[in-house]
Amino acid sequence: MSKKRIIAIDGPAASGKSTVARAVAKELDCIFVDSGAFYRGVTWAALRRGASVKNPAEVLSTLKKSKWKVFVRDGASVFASDGVEPGEALRGKEVREAVADVAGVPEVRAFVVKKLRALRRFGSLSMEGRDIGSVVFPQTPFKFYLDANPEERAKRRHAELLAKGETEKAQEVLDSLQRRDEKDSSRKTAPLKVAEGAYVIDTSEQSIEEVTQTVLNRISELETPHVEVIGSPLFYRYTCDVFNAFLKTSNRLKVIGGGNIPKAGGLIVASNHSSYLDPPAVGAATRLVRTTHFMARDTLFEKPLMGWFLRNVGVISLDREKGDVRAMRTAIHLLKGGASVALFPEGTRSEDGTLQPPKPGIGFLVAKGQTPVLPVYVHGSHAAWSKSSGGLKHLPITVIIGRLITREEIQEMGKGREAYVKIGELIMERIAELKADFEEEIG
Ligand code: DC
């Protein structure tokens, strides 16, 4: 028997999530769950009982009076309210126009979330919705967020409606979709957003088959047994615990976005670098999720105690003077074996703390490693300890972990020298965005 999986596929209306979730369910023998149907179901039931859907109290009162039964038929979840299955009524205009308001009522959400979680008893699930990865099953490693530009989504939805014989105009569909997007993403309870750790796929220019394949590849990548190659994983974790305790005491180390670290699968962690404190800070920030191989210049390995230490924590020795083929090979081998490798794309520490352009070898390694990249911004380490700081200062350090740059985004940059440059730039751009967002937040 295959193991139980919960696959969460979120995204805005008409991003393709329903078709993809269905295809993934079929491929992996899961139960397909359209969570939006539950919100539509509550809306439909309220309308049937003559409630005003703009009035949450009336909707809740009909919900309390109705009896719900959820079951599985033909590999998909189905429900009946008071013994009646809604069928096609769920897709009608009346329900469509009212559902976003109903789905914004916290008690309705609590009711639906409970029903969705209870589906686990039926087996593996491929569930599509808006908040599956963020609220319903935040612990699942299989989180996806499908997106597409509004025009493309409206085009798809319009074609669907025409096929069903409806007569709405393209512009009306676009307007209605944008109204729903706005409501779904601005509501107070469980707004539509990318869940921490979700794999974001832009479906604007991809076929359903391509997107489905991307999802399946990612699931298989996450399930590939990871070859533990660090000399002593226990020693690694112990070392990072010590770094963590030290940095917490000395520099009030804070980590933001820890949920974005994928628990498994080959991974490149790419951080800015302006202080000796950056590698320990990144190691400490990621240690609870996984071990990571850092890279350090080979001359450090020449000092006996240091060399012993670096080898035991799995650091890859790098000759910075020439393109180090052996180090690259080692890193690629590790990445292909499902390990995590941490890099500092700027190469050496930034003298003044500002972000530097990436070194050319970074794009090459990322392209060859064929893994996603986790952008990381370390804030405050330059002020805390740099060439100009005059020793260690007890100033705060924050490690901000951003959203994954997916393998597909990297592949889109193409191949060859030009692509390597673009990949390096993309990574530094994402780090710069994390920096800008964080600085705006702290003012
Ligand atoms: O995916 P759909 O169009 O059938 O969704 C119908 C409505 O329900 C839509 O306004 C968004 C909302 N919804 C939600 O809030 N959370 C979910 N998990 C799924 C749908």
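The values are calculated or read from the model by the stated rules, or taken from the named source; none is laboratory data. Just so you know, these numbers come straight off a predicted model, no measurement behind them. Neighbour counts are summed over all protein chains in view; Cβ atoms, including those assigned to glycine, are modelled from backbone coordinates with ideal geometry.
Residues of the range 394-414 include none that is among the charged types (D, E, K, R), surrounded by fewer than 19 Cβ atoms within 10 Å (Cβ to Cβ), more than 19 Å from the chain's Cα centre (by Cα) and at negative phi. It is to be established whether one or more residues within the range 183-199 are more than 19 Å from the chain's Cα centre (by Cα) and among the hydroxyl-bearing types (Ser, Thr, Tyr). Looking through the range 183-199, at least one residue is more than 19 Å from the chain's Cα centre (by Cα) and among the hydroxyl-bearing types (Ser, Thr, Tyr).
Counting only strands (runs of 3 or more DSSP E) that sit wholly inside the range 1-97, not one has at least 3 residues that are more than 13 Å from the ligand (Cβ to nearest atom), under 30 Å from Glu172 (Cβ atoms) and not assigned by TED's automatic domain parsing to the domain that holds Arg153.
Of all residues in the range 173-225, those that are away from the ligand (no atom under 16 Å from the Cβ), touching a Lys or Arg at 6+ places or on another chain (Cβ under 9 Å) and part of a loop (DSSP other than H, G, I, E, B) total 3.
Would you pick out the residues in the range 341-361 that are of a type in the set (Gly, Ala, Ser) and at pLDDT 95 or above?
Scanning the range 341-361 gives a single hit, Ala342.
With respect to the conditions (1) of a type in the set (Val, Ile, Thr); (2) under 30 Å from Ala331 (Cβ atoms); (3) out of contact with any Phe, Trp or Tyr (no Cβ under 6 Å at 6 or more places or on another chain), Thr203 falls short on a single one, namely (2).
Taken together, the criteria exclude Gly259 from residues that are assigned by TED's automatic domain parsing to the domain that holds His394, farther than 19 Å from Lys336 by Cα, in contact with a Cys (Cβ under 8 Å, 6 or more places away or on another chain) and not β-branched (Val, Ile, Thr). Figure legend. Inter-residue proximity from the range 36-48: first residues under 10 Å from Arg91 (Cα atoms), second residues part of a helix (DSSP H, G or I) and more than 11 Å from the ligand (Cβ to nearest atom), beta-carbon distance below 7 Å, spacing 6+ or different chains. Indicated pairs: Trp44/Ala89. Which of the residues spanning the range 98-151 are of a type in the set (Phe, Trp, Tyr), closer than 30 Å to Val289 by Cα and in a helix (DSSP H, G or I)? Scanning the range 98-151 gives a single hit, Phe122. Among the listed residues Ala264, Ala331, Ala285, which satisfies the condition of being buried (at least 18 other Cβ atoms within 10 Å of the Cβ) and touching a residue at least 60 places away in the same chain (Cβ under 8 Å)? It is Ala285. Might you let me know whether the range 98-106 holds any residue that is more than 16 Å from the ligand (Cβ to nearest atom), in contact with a Ser or Thr (Cβ under 6 Å, 6 or more places away or on another chain) and touching a residue at least 24 places away in the same chain (Cβ under 8 Å)? No: zero hits.
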